[in-house]
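What follows is a single structure, written as structure tokens, with notes after it.
What follows is calculated from the coordinates using simple rules that are stated; it is not laboratory data. Being a predicted model, the structure only gives us computed values, none of them experimental. We place every Cβ from the backbone using ideal geometry, glycine too, and count neighbours over all the protein chains shown.
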Protein chains: 8
Amino acid sequence: MELTVYLAGQIHDNWREEVKSKAKDLQLPLNFVGPMENHSRSDDIGEEILGEQPDAIYKDDRASDFNNLRTQVLMGKSDIVIALFGEKYKQWNSAMDASAAIAQNKPLIIVRPKDLHHPLKELSNKANVTVENVDQALQAIQYIFDTE
Amino acid sequence: MELTVYLAGQIHDNWREEVKSKAKDLQLPLNFVGPMENHSRSDDIGEEILGEQPDAIYKDDRASDFNNLRTQVLMGKSDIVIALFGEKYKQWNSAMDASAAIAQNKPLIIVRPKDLHHPLKELSNKANVTVENVDQALQAIQYIFDTE
Amino acid sequence: MELTVYLAGQIHDNWREEVKSKAKDLQLPLNFVGPMENHSRSDDIGEEILGEQPDAIYKDDRASDFNNLRTQVLMGKSDIVIALFGEKYKQWNSAMDASAAIAQNKPLIIVRPKDLHHPLKELSNKANVTVENVDQALQAIQYIFDTE
Amino acid sequence: MELTVYLAGQIHDNWREEVKSKAKDLQLPLNFVGPMENHSRSDDIGEEILGEQPDAIYKDDRASDFNNLRTQVLMGKSDIVIALFGEKYKQWNSAMDASAAIAQNKPLIIVRPKDLHHPLKELSNKANVTVENVDQALQAIQYIFDTE
Amino acid sequence: MELTVYLAGQIHDNWREEVKSKAKDLQLPLNFVGPMENHSRSDDIGEEILGEQPDAIYKDDRASDFNNLRTQVLMGKSDIVIALFGEKYKQWNSAMDASAAIAQNKPLIIVRPKDLHHPLKELSNKANVTVENVDQALQAIQYIFDTE
Amino acid sequence: MELTVYLAGQIHDNWREEVKSKAKDLQLPLNFVGPMENHSRSDDIGEEILGEQPDAIYKDDRASDFNNLRTQVLMGKSDIVIALFGEKYKQWNSAMDASAAIAQNKPLIIVRPKDLHHPLKELSNKANVTVENVDQALQAIQYIFDTE
Amino acid sequence: MELTVYLAGQIHDNWREEVKSKAKDLQLPLNFVGPMENHSRSDDIGEEILGEQPDAIYKDDRASDFNNLRTQVLMGKSDIVIALFGEKYKQWNSAMDASAAIAQNKPLIIVRPKDLHHPLKELSNKANVTVENVDQALQAIQYIFDTE
Amino acid sequence: MELTVYLAGQIHDNWREEVKSKAKDLQLPLNFVGPMENHSRSDDIGEEILGEQPDAIYKDDRASDFNNLRTQVLMGKSDIVIALFGEKYKQWNSAMDASAAIAQNKPLIIVRPKDLHHPLKELSNKANVTVENVDQALQAIQYIFDTE
């Protein structure tokens, strides 16, 4: 049995590579999906496809058409969602993805440093699991496959 | 026809009073619900009911039991959700509430200053309406009742 | 028992007044809701609330935020949807509303002149009832209340 | 990961061939489904299976039984819906399919020439993405698979 | 607390009057709804509203548009469904209504004479309760209100 | 693309063999499922597994546990349901299965002789397609795969 | 705003009276519903309505038809469910009701003595709130109405 | 066709091995999933992943995060749920799993010794099938595949 895991979170660094690499080392039968990680392409995709937009807000809204389409398709195919939070960036998109997962009854693992517990308290409370690092997130998933 | 409106957003100032007052002036047949606005009580409600918790994280988790229960009941009774965002605070709870509204097919109005368009782009894109202030939010609702 | 009826269809003439007037004559316990019938206000509502938009397409998209919000709230409160089609206008919005009603399991009555049967065939086939004029639509609803 | 794409739209020309051909050139892992494109067979299918019908309206209604059955099965198997609109034909069936996709939470891409923005404004507003040609629609889908 | 009860079953005699009369004697706070009980009007309603149909099958299909619309609206408003079966008539419409109730998670009480247990076995098995007469059906409902 | 088809209907003769055989001749990529066709085993399965029951009604109820379990699992896996009706037998189980399919949004094809149109009128009206024999039912399905 | 609260739990003592009395003292706008509290009537209701059953198992199964019907109707009308657990009795019915509430997205408050935390751990984890006594449960509900 | 079966029940002995072994002997095309059967690991998994917890209640709550995540994923992938009950242990987790299955419309087979019929009466009544041992449970499943 293979599980598809959606990796929600900021796209400013390549934290997902660490997750995939560690999952591979653990030989977990997982297929990872997620957003476009090329941050500037993600921001520009609306103009890339539709042409220049009148201002920054419309540039963002057109980009979001394509990014949200991607997320809807890929999260729709996912069995579990991992949402990572960190100190930097607003991460309202991450919170939106995490909450959408819960509302769609998709199991959700939140990964956040301990000192972000307060602003994430309501979301953590509704998620299945809250951990502090990706190793623990993978342990949570590994446990699903363990027989002893 | 009366509509119930859930006011999601930070609880650090009384912006909701402005919304209710303006709605009253406009004579809109609205019933407003929302979170506990006494910020320290909201943080302490877990310990208030269940007693002292072992640490800050568990204090937050227990408070979230009661705050999330309240939100689930009141948002469940709502016809529309207004989610306000501002420059201060993480507002991951606000993003969570906004996203939950969308996922439950509850109409969502996002209120945010113009310069927060970028971090809110995906959420704005999925919401029904994005405006910059509560007057516009009330205009959006007023329009539902207008016959001309 | 009162029923709320959403009147979907073009907003270029006041056909809804005829429906309401006839329903009143029949003393049907119905509450009618529908879109903004002031056609230019409906087209301008985006700019009315949010200010001038960069072009006609964005003017339409912003107006649609508010018109779709209104429809979502009012159709959500409806027990039955009547969708009227005629010779004039594209009426893709009417077809969208009719199809949304079906998908949400809301009973749908289509009103269309006989000679529009061909382009409406698939929608008529999925609707509960297809009639040729509003009198027949009201007869369909009257029948729900009849005891003999 | 392969995606199944439902191509909704008029069946008076073979625009779907262009989509499939271009998707193949792009090596997109897509499986395309759609309505019966033989227009006269689509119109006649009711009589083809059930025999001659009393009039044109019933001929259409019987054909719609089989066409709607086909759409329900194939759209049910689809991950994404592309709905194409053009200047010719009423296209109420296309609008119906597009709206049904949205209501079933199936991602929707609308393809329409720029000058049809006004009659399609409400549907475009609810769709995930609106583009002007099939190349852009395929770019939207290509983007789902892109990793950089 | 008042409950709305849909009375599904044949319309060839006035068994529903007995149910309503007995419920009134028991002072049960129930509102009863059901199909058109005037059997010939029920069969003719399609032609009554739309005019003469080409044959008996289309006459039935048009009547069913209006009868099914009525059932969908009234059963949609119901809290409980009682479906009565007897020795006479095919009663496939009754079985359809009973099964629709179960599928919509509406509590279902089946009333049938003992010797019809075999053809109704699967439906009885899925229903909440199977009784032999309307008195027992009303006892089942009375029990919902009892406090001792 | 293979479709799974549930064959609902009486189990007193082997009409399903005809369907499967014809489908094979047409080379339709279909997988057929259905109820236990050994009529006495179907009636006895409760006692076969659980032992003798106190009376005929309980024998039927216990058998229905296992038959309904089988139907729920197999219909759940189906893409289309064909429900056959004939002159003999009450067929309330068939009507129950047909109605359950509709309520679960599973496409339904009803097969019935012409002269049963009246008692089946409401069910036919809600089904996707009503035909008179299994050849037409297979044509309806064949049409889903046809490209011209 | 009044809320309806379903009180799930054993029916061997009148703990519900304490809840209702305390809620009244607190002037909470609550309407309480729950199972038949007359324990022997609850056990006997099947035989009371349908007559003597062949054995104890069937007596229980027939009683459960009526008790489950009552629960389905009353829990369906509820906004919140309180499920009480104690040291005595198997309480599998209580666990069933609690889990059904969660699955139907009805907010759930579990009341249990501290030393039952271990066998209730999974259910507590999925419930909104777990408290140790009815006073705390009412505080959780009171909090929903509090404005400061 | 292979079916996935979730084995819910106590994890204090290896009854699941018996089920799997017997299913294998019967050559049933089944894939079995279930909870972590290493009882102490199941209790400790929260501390194993997250570190020592402040007390026994929090140790249980953290363990339940991971156990409920596992159940949600695996039950989500299941076609049928078998829930076993016995004389020992509270088994509120088993009742929770059984009830969750019913609420999610997943077919449920309850296995329980005859003399536990009374405390399980309501759950048995809502389940598809209640049997007394795993052989009968496998017979119920075998019957789904039988053609004669």
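Could you pull out every whole DSSP H run in chain D that spans at least 20 Å of Cα extent along its own axis and averages -1.0 or higher on the Kyte-Doolittle scale? It would help to have the intermediate numbers written out before the result.
Values: long enough: D:56-76 (29 Å, -0.60).
Result, helices passing both filters: D:56-76.
Residue and distance for the chain C Cβ closest to the axis that moves C onto H, in whole Å, come to C:ASN105, 9. Each residue of the protein assembly as shown gets 163 Å³ once the volume of the Cα convex hull is shared out per residue.
Ordering A:PHE145, A:GLY34, A:LEU3 by the projection of their Cα atoms onto the charge dipole of chain A, which places +1 on the Cβ of Lys and Arg and -1 on the Cβ of Asp and Glu, puts A:PHE145 at the extreme positive end.
Loop-only GluC sites (Glu not before Pro) in the range D:26-106, please: DSSP not H, G, I, E or B, and at most 16 other Cβ atoms within 10 Å. Intermediate values should be presented prior to the final figure.
Details: sites: D:GLU37, D:GLU47, D:GLU48, D:GLU52, D:GLU87; in loops: D:GLU37, D:GLU52, D:GLU87.
Counting only loop positions with at most 16 other Cβ atoms within 10 Å, the GluC sites (Glu not before Pro) in the range D:26-106 are D:GLU52, D:GLU87.
Summing Cβ point charges (Lys, Arg +1; Asp, Glu -1) relative to the Cα centre of chain D gives a dipole of roughly 360 debye.
GNM on chain H, alpha-carbon springs under 10 angstrom: the most fluctuating residue among H:GLN104, H:GLN91, H:GLN72 is H:GLN104.
Relative contact order, whole percent, for chain E stands at 24, derived from Cα pairs under 8 Å and 6 or more residues apart.
Helical runs assigned H by DSSP (4 residues or longer) give chain E a calculated mean residue ellipticity at 222 nm of -15500 deg cm²/dmol, each run adding -39500 (n - 2.57) before division by the residue total.
If you average the sequence gap of Cα pairs under 8 Å that are 6 or more apart and divide by the length of the range A:59-126, what percent do you get for the contact order? Don't jump to the answer; show the numbers that get you there.
Working: 52 pairs, mean separation 21.8, N = 68.
For the range A:59-126, the relative contact order is 32 percent.
Spread over its residues, the convex hull of the C-alpha atoms of the range A:31-86 is 96 Å³ per residue. Taking H:ASN93, H:ASN125, H:ASN67 in turn, the Gaussian network model of chain H (Cα-Cα springs below 10 Å) assigns the largest fluctuation to H:ASN125.
Roughly how many Å is it from the Cα centre of the range A:90-130 to that of the range E:1-38, as a whole number? Here the answer is 50 Å between Cα centres.
Under 5 Å between amide hydrogens, built in the peptide plane, is the criterion, and for A:GLY34 it picks out A:LEU7 among residues at least 5 positions away or on other chains.
Can you list the lysines whose alpha carbon is less than 28 Å from that of C:LYS24, not counting same-chain residues fewer than 8 positions off? Within the straight-line cut-off, C:LYS24 pairs with C:LYS77, C:LYS88, C:LYS106, C:LYS114, E:LYS77. Each residue, E:ASN14 and F:GLN27, gets one label point 7 Å from its Cα in the Cβ direction; the gap between the two is 6.4 nm. Residues whose amide H comes within less than 5 Å of that of H:VAL131, counting only those at least five positions distant or on another chain, are H:ILE110, H:VAL111, H:ARG112 (H built at 1.01 Å from N in the peptide plane).
Based on the alpha-carbon gyration tensor of chain H and its eigenvalue square roots a ≥ b ≥ c, which shape applies: rounded if a/c is under 1.5, prolate if not and a/b is larger than b/c, or oblate? Prolate is the answer for chain H, as a/c is 1.5 or above and a/b outweighs b/c.
Hey, what did the range D:16-76 get for relative contact order, percent, Cα under 8 Å, at least 6 apart? Walk me through the numbers before you get to the answer.
Values: 38 pairs, mean separation 20.3, N = 61.
Computed over the range D:16-76, the figure is 33 percent.
A Gaussian network model of chain B, with springs between Cα atoms under 10 Å, assigns the largest mean-square fluctuation among B:ALA103, B:ALA83, B:ALA23 to B:ALA103. Which far-off residues, 5 or more places away or on another chain, put their amide H under 5 Å from the one on B:THR4, with H placed in the peptide plane? Hits under the 5 Å cutoff: B:ASN31, B:ASP79, B:ILE80.
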